[in-house]
Amino acid sequence: MMKSIKQFLLLFSTIALFSACTDTKTKETSISKSIKVDKEVLYSFDETRTKVFWAGYKTEDKLKVIGQFKELTTDRGDQQFSSIEELVNGINFSINTASSISGDEIRDLSLNDYFFKFFTDNFEITGVLGAMTETSITATINILGVAKEMVLSYTVTDKVLKMKGTLSLEEFGAIKAYKSIHAKCFDLHKGKTWDEVNVIIEVPILKSIQ
């Protein structure tokens, strides 16, 4: 009888010990699953893949002429930020207008000699982007030493920030450049060169997880 009681107590102790170990492991597993390590997403962009397009118009039918500035530099090409808003706000940029290409070499030469020569100082446009609102970004652009504001609408995805805006050459103080290209291309434009210029900027967004 005594032997049976001892065997029963030994069996009960073994079961209790096993259950305690199982509960401990289960709790440890649950705790480890509940702990999440927060990872920070950082944003940057590649200047060499950023595209700046312009579009002008000619003739009464408002035919579009499209070009692209191939040389752009900024002060944030090698930096990372915690959000796209932080990346954009305050970024300084410089565009070499002599790098403009439109698919027509003769046209490009005329634009350099009869437009950009009078539109920019040493063929350079500089400026800074402001803070992003829900619908727009304001760019402050220096034209011949005078700061002008241009409102850009935008769309943003995980991969690309795309900005669009329209400027008036007269309002930007570029009337001399406008009159120059208008006179040069009077016959080709059939007497009509439009004052407005559209600007489109495509910025590939890069993300890294820290």
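Taken over the stretch 67-124, the residue count meeting the criterion of being farther than 15 Å from VAL52 by Cα and either part of a helix (DSSP H, G or I) or touching a Cys at 6+ places or on another chain (Cβ under 7 Å) (or both) is 20.
A count restricted to the stretch 145-163 and to residues that are loosely packed, with under 14 Cβ neighbours inside 10 Å and either touching a Phe, Trp or Tyr at 6+ places or on another chain (Cβ under 9 Å) or within 20 Å of LYS64 (Cβ to Cβ) (or both) stands at 2.
PHE186 passes every criterion in (1) on the phi > 0 side of the Ramachandran plot; (2) out of contact with any strand residue (DSSP E or B) (no Cβ under 7 Å at 6 or more places or on another chain) apart from (1). For the stretch 180-191, the set of residues classified as surrounded by 15 or more Cβ atoms within 10 Å (Cβ to Cβ) and in contact (Cβ under 8 Å) with a residue 60 or more places away in the chain consists of SER180, ILE181, LYS184, CYS185, HIS189, listed by residue number.
For the stretch 86-123, the set of residues classified as within 27 Å of the chain's Cα centre (by Cα), exposed (fewer than 15 other Cβ atoms within 10 Å of the Cβ) and within 23 Å of GLY145 (Cα to Cα) consists of GLY90, ASN92, SER94, ASP121, ASN122, listed by residue number. In the set ASP61, ASP78, ASP23, only one residue is at pLDDT below 90, among the charged types (D, E, K, R), assigned by TED's automatic domain parsing to the domain that holds TRP194 and exposed (fewer than 15 other Cβ atoms within 10 Å of the Cβ); that residue is ASP78.
Reported count of residues in the stretch 130-144, each being in contact (Cβ under 8 Å) with a residue 40 or more places away in the chain and surrounded by fewer than 14 Cβ atoms within 10 Å (Cβ to Cβ), is 1.
Per the conditions (1) modelled with pLDDT of 95 or more; (2) loosely packed, with under 15 Cβ neighbours inside 10 Å, the sole criterion not satisfied by ILE35 is (1). A count restricted to the stretch 129-158 and to residues that are of a type outside the set (S, T, N, Q) and either in contact with a strand residue (DSSP E or B) (Cβ under 6 Å, 6 or more places away or on another chain) or under 15 Å from ILE200 (Cβ atoms) (or both) stands at 14.
When ALA131 is tested against (1) assigned to a strand (DSSP E or B); (2) more than 13 Å from the chain's Cα centre (by Cα); (3) of a type in the set (Gly, Ala, Ser), only condition (2) is not met. Scanning the stretch 48-84 for residues that are free of Cβ contacts under 8 Å to residues at least 40 places away in the same chain and among the polar types (S, T, N, Q) yields a count of 5. Taken together, the criteria exclude LEU206 from residues that are assigned to a strand (DSSP E or B) and modelled with pLDDT of 95 or more.
The values are calculated or read from the model by the stated rules, or taken from the named source; none is laboratory data. It should be emphasised that the depicted structure is a prediction, and the values quoted were computed from it without experimental measurement. Cβ coordinates were reconstructed from backbone atoms using ideal geometry, including for glycine residues, and neighbour counts include every protein chain displayed.
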